[in-house]
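Engineer: A single structure is presented below for examination.
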Amino acid sequence: MKKYDVVIVGAGPAGMTASIYAIRANMSVLMLDKLAPGGQMVNTNEIENYTGTGKINGAELSMQMYEHTQELGVEFDYKTVLDIKDNGETKTIRCEEDDTTIEARTVILATGTIPRRLGIPGEDAFAGSGISWCAICDGAQYRDKNVVVIGGGNSAVEESIYLAGITTSLTIVTMFDLTADPKACDQLRAMPNVTIYPYQDVLEFTGDTALDGVRFKSTQEDGTERHVKCDGVFEYIGLMPTSDCFQHLGILDDFGFIKVNDEMQTAVKGIYGAGDITVKKLRQIVTACSDGAIAANSAAKYVESIRG
Ligand SMILES: Cc1cc2nc3c(=O)[nH]c(=O)nc-3n(C[C@H](O)[C@H](O)[C@H](O)COP(=O)(O)OP(=O)(O)OC[C@H]3O[C@@H](n4cnc5c(N)ncnc54)[C@H](O)[C@@H]3O)c2cc1C
């Protein structure tokens, strides 16, 4: 069985950048993803803060990064990784498809995050048919309709600007005030069809057979309860790490993010973390790319050391 110098799990910006640095360090590289390369970028409408590209659509940036990996000859496969075993100088990666097993000297874990859910009444009933976590995928259904966005961080505000441009009304309901980049907040506040309710607890999604509104209550002294009618809801309330299959390796913090040092090395020799899945302060494309580059550089040095 072929043993790769490095297997990269996840082909978001962290994984793809790691693959570029790894192959340029003369390592044999296999990059795996259960979905199309790009990670969360695929579902992002407009990216305005990635150095050098100017304003760019997320799917387009994903394609540019993927083409770059292919120009350099990175091997890519669609696989869902279920388990990673550490056998010292060999790591075994087990995948769902045909119960495949792959061997590698090092592994870079770049599996990112998935959206957090509120866990309130009505959420399960309307998930995917009224409630969405992806404006770029589902936003077009709500053209000229009324939409509520839950959340006030960067993702919520950026996606609200896009949604407000196509919907009749957009209402933001958020636990605190808007916490996104000030420029984006100003842009959103200036849009004529936007209403913002800060300091709210979302209580329930309402509707019989279809979603018809959101009930929420002020966390301020007055405690006013409101019901806003809408055709669709987009939730942007934070991210959960995609790390279930690495739990047994003992490399996670209490919240499920991978603990790494400044070389992106985990507590297990030869296993590295990169991107949103790691413990970090700023989860963005540019920081994911940076992590990927560092992880690949560290992996290359380790492979060199065990080869002697
Ligand atoms: C709505 C939204 C808007 C955003 N806008 C911006 C922006 O404007 N600018 C910016 O810089 N950042 C933005 N971000 C953040 C940015 O997208 C992330 O920081 C970045 O994508 C993280 O990259 P990553 O490679 O670490 O993880 P991800 O992009 O999450 O990629 C992880 C990949 O791993 C794969 N994977 C997971 N588990 C497995 C498994 N078991 N087996 C195989 N594959 C697996 C996933 O399918 C995915 O492709 C936005 C995020 C969201 C949600």
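The values are calculated or read from the model by the stated rules, or taken from the named source; none is laboratory data. Predicted, not measured: the structure shown is a model, and the values here were computed from it. So basically every Cβ, Gly included, is an ideal-geometry build from the backbone, and we count neighbours across all protein chains shown. Quick note on the areas: whole protein, heavy atoms, side chains included, nothing else; ligands and nucleic acids left out. Shrake-Rupley method; radii C 1.70, N 1.55, O 1.52, S 1.80 Å.
Engineer: For region 123-235, what is the percent of antiparallel DSSP beta bridges, rounded to the nearest 5?
Structural biologist: Numbers: 11 of 27 bridges.
Expressed as a percentage, antiparallel bridges in region 123-235 total about 40.
Engineer: Taking the Cα centre as origin and putting +1 on Lys and Arg beta-carbons and -1 on Asp and Glu beta-carbons, what dipole magnitude results for region 150-308, to the nearest 20 debye? Numbers along the way, then the final one.
Structural biologist: Details: 13 positive and 22 negative charges, 116 e Å.
Roughly 560 debye for region 150-308.
Engineer: What is the dipole size for region 1-160, taken about its Cα centre, with +1 at each Lys and Arg Cβ and -1 at each Asp and Glu Cβ, in debye to the nearest 20?
Structural biologist: Working: 14 positive and 23 negative charges, 53 e Å.
Rounded to the nearest 20 debye, it is 260 debye.
Engineer: Kindly work out what percent of the DSSP beta bridges joining two residues of region 64-176 are antiparallel, to the nearest 5. Write out the running numbers ahead of the final one.
Structural biologist: Numbers: 10 of 16 bridges.
In region 64-176, DSSP labels about 60 percent of beta bridges as antiparallel.
Engineer: Identify the residues of region 47-82 with backbone N under 20 Å of a label point that sits 7 angstrom from the Cα of residue 114 along the Cα-to-Cβ direction, or state none.
Structural biologist: 78-82
Engineer: Normalised by the number of residues in region 123-235, what is the relative contact order in percent for Cα pairs under 8 Å and 6+ residues apart? All intermediate terms of the calculation are to be shown ahead of the outcome.
Structural biologist: Details: 229 pairs, mean separation 34.3, N = 113.
Rounded, it is 30 percent for region 123-235.
Engineer: Rg/Rh for the chain: what does it come to with C-alpha atoms and Rh from Kirkwood?
Structural biologist: Working: Rg = 21.2 Å, Rh = 20.6 Å.
Here the Rg-to-Rh quotient is 1.03.
Engineer: Also, I was wondering about something else. State the answer as a single residue: which of 155, 175, 185 lies farthest towards the positive end of the charge dipole of region 123-235, with beta carbon charges of +1 for Lys and Arg and -1 for Asp and Glu, about the Cα centre.
Structural biologist: Farthest towards the positive pole: 185.
Engineer: So how do 68-74, 112-118, 101-107 stack up, highest first, on mean other-Cβ count within 10 Å? Write down the numbers at each step before the final one.
Structural biologist: Details: 68-74: 15.0, 112-118: 17.3, 101-107: 21.3.
Per-residue mean Cβ counts within 10 Å order the peptides as 101-107, 112-118, 68-74.
Engineer: Magnitude of the Cβ-charge dipole of the chain, K/R +1 and D/E -1, about the Cα centre, nearest 20 debye? Working shown, then result.
Structural biologist: Details: 27 positive and 43 negative charges, 135 e Å.
The calculated dipole for the chain is roughly 640 debye.
Engineer: So, one more: Let's test this: bin the Cα-Cα distances of region 1-67 at 10 Å from zero up to the farthest pair and state each bin's percent.
Structural biologist: Per 10 Å bin, starting at 0, the Cα pair percentages come out as 22, 47, 24, 6, 1.
Engineer: Under a point spin-label approximation (7 Å from Cα along Cα-to-Cβ), what is the residue 179-residue 269 distance to one decimal in nm?
Structural biologist: Result: 4.0 nm between the two label points.
Engineer: OK, next. With a 1.4 Å probe and all protein chains left in place, how much of the accessible area of region 123-235 comes from carbon and sulfur atoms, in whole percent? Numbers along the way, then the final one.
Structural biologist: Details: 2520 of 5440 Å².
After summing per-atom areas, the C and S share lands at 46 percent.
Engineer: Can you give the longest run of the chain that contains no chymotrypsin sites (Phe, Trp or Tyr not before Pro) sitting in a DSSP loop with at most 16 other Cβ atoms inside 10 Å? The partial results should precede the final answer.
Structural biologist: Working: sites that count: 176, 199, 255.
Answer from the scan: 1-175.
Engineer: Could you tell me which of rounded, prolate or oblate describes region 123-235, using a ≥ b ≥ c as the square roots of the eigenvalues of the alpha-carbon gyration tensor, with rounded for a/c under 1.5 and, failing that, prolate when a/b is larger than b/c and oblate otherwise?
Structural biologist: Details: a/c = 1.70, a/b = 1.06, b/c = 1.61.
Since a/c reaches 1.5 but b/c is at least a/b, the shape of region 123-235 is classed as oblate.
Engineer: Ok, one more. Sort by residue number and name the cysteines in the chain that have no neighbouring cysteine Cβ under 4.7 Å.
Structural biologist: 95, 185, 230, 245, 289
Engineer: Cα-Cα over 27 Å: which of 55/281; 85/281; 229/280; 3/269; 55/259; 217/280? Kindly include the intermediate steps, with their values, before the conclusion.
Structural biologist: Working: 55/281 24 Å; 85/281 29 Å; 229/280 37 Å; 3/269 17 Å; 55/259 32 Å; 217/280 32 Å.
In this structure, 85/281; 229/280; 55/259; 217/280 exceed 27 Å between Cα atoms.
Engineer: With every protein chain kept in the model, how would you rank 248, 227 by accessible area, 1.4 Å probe, largest at the top? Provide the component values of the computation, followed by the final result.
Structural biologist: Working: 248 110, 227 85 Å².
From most exposed to least exposed: 248, 227.
Engineer: Per residue, how much accessible surface does the chain expose to a 1.4 Å probe? Answer in Å², no decimals. Numbers along the way, then the final one.
Structural biologist: Values: 14860 Å² over 308 residues.
Solvent-accessible surface per residue comes out at 48 Å².
Engineer: Then there's this: Show the residues, 5+ positions off or on another chain, whose built amide H is closer than 5 Å to the amide H of residue 269.
Structural biologist: When sequence neighbours closer than 5 places are left aside, there are no close amide H contacts.
Engineer: Within region 23-65, report the trypsin sites (Lys or Arg not before Pro) that DSSP leaves as loop and that have at most 16 other Cβ atoms within 10 Å.
Structural biologist: On the way: sites: 24, 34, 55; in loops: 34, 55.
Qualifying residues, ordered by number: 34, 55.
Engineer: Per 10 Å bin, what percent of the C-alpha pairs of region 61-215 does each bin hold, from zero upward?
Structural biologist: 9, 28, 25, 19, 17, 3
Engineer: Would you work out which of 270, 248, 216 lies farthest towards the positive end of the dipole of the chain, given +1 charges on the beta-carbon of Lys and Arg and -1 on that of Asp and Glu, about the Cα centre?
Structural biologist: Sorting the options by dipole projection puts first 270.
Engineer: Between the alpha-carbon centers of region 1-42 and region 75-149, tell me the distance in whole angstrom.
Structural biologist: 16
Engineer: Can you give the helix-only mean residue ellipticity at 222 nm for the chain, where every DSSP H stretch with n ≥ 4 adds -39500 (n - 2.57) and the sum goes over all residues, rounded to the nearest 500 deg cm²/dmol?
Structural biologist: Numbers: 7 runs with 76 residues, N = 308.
Dividing the helical sum by the residues of the chain leaves -7500 deg cm²/dmol.
Engineer: Counting pairs of alpha carbon atoms under 8 Å apart in space and at least six apart in sequence, what relative contact order in percent does the chain give?
Structural biologist: Values: 705 pairs, mean separation 65.9, N = 308.
For the chain, the relative contact order is 21 percent.
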